[in-house]
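Note sheet for the following structure.
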Amino acid sequence: MNDLFFYGTLRHLPLLQLVLGRSLSCLTLSEAKLKDHAVYGVRDEAFPMIKPERGAVADGLLVQGLEPEDFKRLIFYEGGFDYDLQRQPVELPDGSVVEVSVFFPEPDLWSPDELWSLQDWADAWGDLTQTAAQEVMGYYGKADAVKIARSFPSIRTRAWAKLAARKRGTGDARDPKKDVIVHEHTHAYIDYFGMQEVQLQHRRNDGTMGSVLNRNGLMQGSAVVVLPYDPGRDAVLLVEQFRTPVFLIEDPEPWMWEPVAGMIDPGETPQQAARREAMEEAQISLKSLEFAGEAYSSSGSSTEYVYLYVGLADLEKTIDDGGLASEGEDIRTKIIPYAQFMDQVDGHGFKDLPLLSLAHWLARNRDRLRGA
């Protein structure tokens, strides 16, 4: 059993090569068709599913010459998506039929959407999927497929953030490809966050290469932070929730008052994420967004990049049932008059750095927002 029929994203050859971890030149690749089956997009997801459908034909790619290690890598990658291998007859361009293995999803696991297009998927999600697959396969041999499946939404969020980071430049003439030497790069830990370790050298200010450094980074996606502000009432809204890291450092007050905040989902803009999070956490609709800056939140330890906004809204009510139950969130809100809010800022009554940054931005821009 050294052949497989791919009907979905692994028909994309750069992704297939990445998952296999080797060149495709020693494999035999052929177009093939699986009759009485159709490939549909999965509703609310960026990947396809196959289902029996009389009279339909699923186009695909037959890959022959796979080694046992290739199967292990493929099963690890596809296992994170709850697929199983089944034997099915496929038809080759010359009309011959061969029985091959096909990855099938668990029955009734997903709901089909429209018929799926490989080209449309590649245009919209190809780069994201390859970037996510780089992280997934970095944990091959270190984590099981069940853990990868549980972590996959966060992996995709980090991949979306990495695509954005690649476009982020301010004109520095130094080139990491020439001025940084990586000796070893390890995917050390995976769960909601990831942890990567690296041994590297970088060019010093005097032009020489520095000594080898052993460093690690907490791998996170990009986030939005939005402070709701009502210019008419001259008041802000804050949310409160329990923060595990604050508890772990043994701070006696792990319930934190903060602005609305959340991760940017794949395919979202920061502005879309800000509006979504305001509704999810505080049940408010933002009239408009005022951009207040963007930056890495803690560049010495984390990859998190934060987009800051003040969101204009009518602040009429508070809630104590905010957040998503599916994410274990338990959020309440409060509305604070601006003067009282700034008194608490100046009195060091808050412990959230983005909140302090947005407070100072609001202080500089409040008159403009109020039409003064």
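The values are calculated or read from the model by the stated rules, or taken from the named source; none is laboratory data. Model, not experiment: these values are computed from the prediction. Positions of Cβ are generated from backbone atoms using ideal geometry, with glycine treated the same way; all protein chains shown enter the neighbour counts. With ligands, DNA and RNA removed, areas are computed over all heavy atoms of the protein, side chains included. Shrake-Rupley method; radii C 1.70, N 1.55, O 1.52, S 1.80 Å.
Using Cα-Cα distances under 8 Å and only pairs 6 or more residues apart, what relative contact order does the chain have, in percent?
Relative contact order comes out at 12 percent.
Dipole of the chain (Lys/Arg Cβ +1, Asp/Glu Cβ -1, origin at the Cα centre): which of GLY293, SER96, ALA261 lies farthest to the positive side?
GLY293
Measuring from label point to label point, each 7 Å out along Cα→Cβ, what is the PHE350 to LEU213 span in nm?
3.2
For ASP251 and ARG87, what does the FRET efficiency come to when R0 = 56 Å and r is the distance between their Cβ atoms, rounded to the nearest 0.05?
0.45
Near the amide H of ALA223, under 5 Å away, which other amide H atoms are found, from residues 5 or more places off or on another chain, if H is placed in the peptide plane?
Answer set, sorted by chain and number: ILE264, TYR305, VAL306, TYR307.
Using the Karplus curve 6.51 cos²θ - 1.76 cosθ + 1.60 with θ = phi - 60°, work out ³J(HN,Hα) for each residue of region 124-141 in order, rounded to whole Hz, and write x for Gly and Pro.
8, 10, x, 5, 4, 5, 5, 5, 5, 5, 4, 5, 3, 6, x, 9, 4, x
Would you calculate a helix-derived [θ] at 222 nm for the chain, using -39,500 (n - 2.57) for each DSSP H run of n ≥ 4 and dividing by the full residue count, to the nearest 500?
Mean residue ellipticity at 222 nm (helix-derived): -9000 deg cm²/dmol.
Between the helical axis of 68-79 and the dominant principal axis of the chain, each derived from Cα atoms, what acute angle in degrees is found, rounded to the nearest 10?
That works out to roughly 40 degrees.
Among GLY141, ASN205, TRP121, which residue has its Cα positioned farthest towards the positive end of the charge dipole of region 118-216, with +1 placed on the Cβ of Lys and Arg, -1 on the Cβ of Asp and Glu, and the dipole taken about the Cα centre?
Going by the charge dipole, the pick is ASN205.
In region 136-186, what percent of the accessible surface is made up of carbon and sulfur (1.4 Å probe, ligands and nucleic acids excluded)?
Result for region 136-186: 55 percent of the exposed heavy-atom area is carbon or sulfur.
Taking the chain as the reference, fit the longest principal axis to its C-alpha atoms, fit the long axis of helix 353-369 to the helix C-alpha atoms, and give the angle between the two in degrees, 0 to 90, nearest 10.
With rounding to tens, the tilt is 60 degrees.
Accessible area, 1.4 Å probe, largest first: how do SER285, SER301 sort?
Highest to lowest solvent-accessible surface, that is SER285, SER301.
If one computes the Cα centroid of region 80-140 and of region 304-372, what distance in Å separates the two points?
44
As a quick test, which of the pairs LYS33/LYS162; LYS33/LYS147; LYS162/LYS334; LYS142/LYS177; LYS142/LYS351; LYS72/LYS162 have an alpha carbon distance above 31 angstrom in this structure?
Pairs exceeding the cut-off: LYS33/LYS162; LYS33/LYS147; LYS162/LYS334; LYS142/LYS351.
When the solvent-accessible surface of protein heavy atoms is calculated with a 1.4 angstrom probe, in what order do LEU13, LEU362 fall, highest first?
The most accessible residue leads, giving LEU13, LEU362.
For the chain, what does the accessible surface come to per residue with a 1.4 Å probe? Please give it in Å².
Ligands and nucleic acids excluded, the figure is 54 Å² per residue.
Under the classification rounded if a/c is under 1.5, otherwise prolate if a/b is larger than b/c and oblate if not, where does region 139-185 fall, given a ≥ b ≥ c as square roots of the Cα gyration tensor eigenvalues?
Verdict is oblate for region 139-185.
Grab the other residues whose beta carbon is less than 12 angstrom from that of PHE242, score K and R as +1, D and E as -1, and report the net.
Summing Lys and Arg as +1 and Asp and Glu as -1 gives -4.
Among LEU61, LEU213, LEU18, which one shows the biggest mean-square fluctuation in a GNM of the chain, springs joining Cα atoms closer than 10 Å?
Looking only at LEU61, LEU213, LEU18, the largest GNM fluctuation is found for LEU213.
For the residue pair ASP123 and HIS185, what label-to-label distance in nm results when each label sits 7 Å from Cα along the Cα-to-beta-carbon direction?
3.0
Provide the solvent-accessible area of GLU91, counting protein heavy atoms only and rolling a 1.4 Å probe, rounded to the nearest 10 Å².
60
In debye, nearest 20, what is the charge dipole magnitude of the chain about its Cα centre with +1 on Lys and Arg Cβ and -1 on Asp and Glu Cβ, if you could check?
Once rounded to the nearest 20, the dipole reads 1140 debye.
Net charge around LYS177, counting only other residues with Cβ within less than 15 Å of its Cβ (Lys, Arg = +1; Asp, Glu = -1)?
+1
Heads up, I need the accessible area for PHE242: 1.4 angstrom probe, whole protein in place, Å², nearest 10.
90
What FRET efficiency would be calculated for the residue pair GLN340, PHE193, taking the C-beta separation as r and a Förster radius of 25 Å, to the nearest 0.05?
So, using R0 = 25 Å, E works out to roughly 0.10.
Rounded to whole Hz and in sequence order, give me ³J(HN,Hα) for region 190-195 from the Karplus expression 6.51 cos²θ - 1.76 cosθ + 1.60, θ = phi - 60°, writing x for Gly and Pro.
The phi angles translate into 9, 6, 4, 9, x, 10 Hz.
Quick check on region 140-251: take the gyration tensor over C-alpha atoms, sort the square-rooted eigenvalues as a ≥ b ≥ c, and tell me if it's rounded (a/c under 1.5), prolate or oblate.
Oblate, since a/c reaches 1.5 and b/c is not below a/b.
When the solvent-accessible surface of protein heavy atoms is calculated with a 1.4 angstrom probe, in what order do ILE75, ILE284, ILE249 fall, highest first?
ILE249, ILE75, ILE284
Tell me, what does the Kirkwood hydrodynamic radius of the chain come to in angstroms if you use every pair of distinct C-alpha atoms?
23.8
So, in nm, how far is label PHE242 from label LEU324 when the simple model puts each one 7 Å beyond its Cα toward the Cβ?
Result: 2.0 nm between the two label points.
When the expected Rg is taken as 2.2 N^0.38 Å, what fraction or multiple of it is the alpha-carbon Rg of region 189-337?
Ratio of Cα Rg to 2.2 N^0.38 Å: 1.26.
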